[in-house]
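Asks: The structure under discussion is supplied below as structure tokens; questions concerning it will follow.
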């Protein structure tokens, strides 16, 4: 969650770079820096601990003149927040570099470069890259060739921007697993990790693709693919209407946000996984130390975030082998409990300002828990500032009060946490690679699930005159059913409850009749046959079933049962996949009933009071 800005122009660029950082501060704010090649051909650099405003003051008091530069706002992964660890990083005062992402083999590179005589002044993985490029240039390569050769030695995820004092009109950038966008002007060109940083200077953008390199000057830009061959990428012109907060082609924000899930999940994974492993430094500079000593997890959350925590309990205990408790924040605050040694507190919140969750975190910090971590969508929020570790979901703005993409990105983050803890408790490299492969497949799988929208819309007609509904699941799918019921009651005002299907005989079966639709999620897992038996009890009592089922589950539509089939998916990601149809069902039922989908009565997006 760092931010990059670069500018190659015929005018002074310091103010442009700092303004770009301000617009990226949501990505991280523990330190910031700027490097500019001045009119004498030397690199001037300011780095400051804290928010961009502190850097802005430094640039105002000690101006950096020049028309080519790069800048960065940092969210620490390697090394604590400090001026030494802030970007840009320099090598021999000749090269400056900014970097988003994580370099997995930085320790080996550091050893090699130290043996060559390079002196490291930071704890970061980034400094290895700038010294590596410098070492290659000493052999006679130009900046572009040196960057390309250096990238071939890097393992991990990165977005890079590099300048050299001997090439004062060129910025070289590279993208692998971390986004970069070019912004085009007249007599000036720009780059950033998000077009938001450049909207004050241009409306024309080119999004680099995976493996791309680019060379920018004030009057030109060139793009190359991973093999170094020149390529063309699509030019996109944005207008004021091209904003994430605009509904666009969608009738409601909620529907738009449902459809954004493949992309935002891709964004959440970007820079956090490589080809076959997770990059756990993305959790923060202290992640290894904290995870090494974690023997138990306590999750605290409210509402939808509580449901994501319930899913995580199954994953963390079942895969990582670590005890995990989940509690509603408002209950956690008001009861006596026993603190297990070496327990990691994990708070989950879309806004990071949820009053009960924030208060629970503050209470927990007084009770002897080993460390604190938050999973959150807002970098500047109180939960993020007050936790030892933070993993940002990349859901982007979520306008609809009923959470959709925030929930699924939380689940992705919790899968990453599960794998990180599991590696310390017997999870093999082969199993990790299998799980990471499932995560790589996830965005495409969700895109395919969204093609079921019309079928789900037709199914929703059966709910239009109903006043109650029951949602069922087994195992890890029970919290998914909980979330499905919450969505339906939030936006359609139909009374909906969820139960583990095995509990039917212990009470809920008394409610089943032809007026009580029963929704079930049925992946092809080890509990499928148990679930089938439970659903047969529903049919025997005249209940109408609506089942989202794996193609190979053996379910088919018939009298009293409507089945929508999903392709088989890896078990790890099934809770995320089966969430999407339940969101669509709730949405279409609410539209049929004529409720205010995006702003349901009596509810607020962020609950900042108890």
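Asks: Yes or no: segment 422-429 includes at least one residue that is in contact with a strand residue (DSSP E or B) (Cβ under 8 Å, 6 or more places away or on another chain) and not in a loop (DSSP other than H, G, I, E, B).
Replies: No, segment 422-429 contains no residue that is in contact with a strand residue (DSSP E or B) (Cβ under 8 Å, 6 or more places away or on another chain) and not in a loop (DSSP other than H, G, I, E, B).
Asks: Among the residues of segment 533-553, which ones are surrounded by fewer than 17 Cβ atoms within 10 Å (Cβ to Cβ) and over 35 Å from the mean Cα position of the chain (by Cα)?
Replies: 533, 536, 537, 539, 540, 541, 542
Asks: Now, a different point. Counting only residues that are touching a helix residue (DSSP H, G or I) at 6+ places or on another chain (Cβ under 8 Å) and within 30 Å of residue 599 (Cβ to Cβ), how many does segment 482-519 have?
Replies: Of the residues in that region, 19 qualify.
Asks: Looking for something touching a strand residue (DSSP E or B) at 6+ places or on another chain (Cβ under 6 Å), within 26 Å of residue 343 (Cβ to Cβ) and in a helix (DSSP H, G or I) - is there at least one such residue anywhere in segment 265-280?
Replies: No, every residue in segment 265-280 fails to be touching a strand residue (DSSP E or B) at 6+ places or on another chain (Cβ under 6 Å), within 26 Å of residue 343 (Cβ to Cβ) and in a helix (DSSP H, G or I).
Asks: I need the full set of residues from segment 191-220 which are free of Cβ contacts under 8 Å to residues at least 60 places away in the same chain, surrounded by 18 or more Cβ atoms within 10 Å (Cβ to Cβ) and outside any loop (DSSP other than H, G, I, E, B), in order please. Show your work before the answer.
Replies: Narrowing segment 191-220 to residues free of Cβ contacts under 8 Å to residues at least 60 places away in the same chain: 195, 202-212, 214, 219-220.
Next, from what is left, pick out any that are surrounded by 18 or more Cβ atoms within 10 Å (Cβ to Cβ): 195, 202, 205-206, 208, 212, 214.
Listed by number, the residues that qualify are 195, 205, 206, 214.
Asks: What about residue 342, is it without any contact (Cβ under 8 Å) to a residue 60 or more places away in the chain and closer than 21 Å to residue 295 by Cβ?
Replies: Against the criterion (without any contact (Cβ under 8 Å) to a residue 60 or more places away in the chain and closer than 21 Å to residue 295 by Cβ), residue 342 qualifies.
Asks: I need a count of the residues in segment 104-121 that are surrounded by fewer than 18 Cβ atoms within 10 Å (Cβ to Cβ) and over 27 Å from the mean Cα position of the chain (by Cα).
Replies: Of the residues in segment 104-121, 10 are surrounded by fewer than 18 Cβ atoms within 10 Å (Cβ to Cβ) and over 27 Å from the mean Cα position of the chain (by Cα).
Asks: One residue is enough: does segment 171-182 have a residue meeting the conditions out of contact with any strand residue (DSSP E or B) (no Cβ under 8 Å at 6 or more places or on another chain) and either part of a helix (DSSP H, G or I) or over 30 Å from residue 436 (Cβ atoms) (or both)? Can you show your working first?
Replies: Keep residues of segment 171-182 that are out of contact with any strand residue (DSSP E or B) (no Cβ under 8 Å at 6 or more places or on another chain), which gives none.
Scanning segment 171-182, I find no residue that is out of contact with any strand residue (DSSP E or B) (no Cβ under 8 Å at 6 or more places or on another chain) and either part of a helix (DSSP H, G or I) or over 30 Å from residue 436 (Cβ atoms) (or both), so the answer is no.
Asks: Moving on. Go over the candidates 472, 450, 439 one by one and state the one that is in a helix (DSSP H, G or I), in contact (Cβ under 8 Å) with a residue 40 or more places away in the chain and closer than 24 Å to residue 587 by Cα.
Replies: Result of the check over 472, 450, 439: 450.
Asks: In this structure, is residue 445 in contact with a strand residue (DSSP E or B) (Cβ under 6 Å, 6 or more places away or on another chain), at pLDDT 95 or above and assigned to a helix (DSSP H, G or I)?
Replies: no
Asks: Continuing with this model, one more query. Please state which of the following conditions residue 73 fails to meet, knowing it meets all the rest: (1) surrounded by fewer than 22 Cβ atoms within 10 Å (Cβ to Cβ); (2) farther than 23 Å from residue 146 by Cβ.
Replies: Every listed condition holds for residue 73 apart from (1).
Asks: For residue 466, which of the numbered conditions (1) part of a helix (DSSP H, G or I); (2) under 14 Å from residue 588 (Cβ atoms) fails to hold?
Replies: Here residue 466 meets the rest and fails (1).
Asks: Would you check which residues across segment 556-603 are touching a strand residue (DSSP E or B) at 6+ places or on another chain (Cβ under 9 Å), surrounded by fewer than 19 Cβ atoms within 10 Å (Cβ to Cβ) and not in a strand (DSSP E or B) and list them?
Replies: Scanning segment 556-603 gives 556, 557, 560, 567, 568.
Asks: Working only within segment 530-555, note down all residues that are part of a helix (DSSP H, G or I), touching a strand residue (DSSP E or B) at 6+ places or on another chain (Cβ under 7 Å) and within 30 Å of residue 436 (Cα to Cα).
Replies: Across segment 530-555, the qualifying residue is only 531.
The values are calculated or read from the model by the stated rules, or taken from the named source; none is laboratory data. Predicted, not measured: the structure shown is a model, and the values here were computed from it. Reconstructed Cβ throughout: ideal geometry from the backbone, glycine too, with neighbour counts over all protein chains shown.
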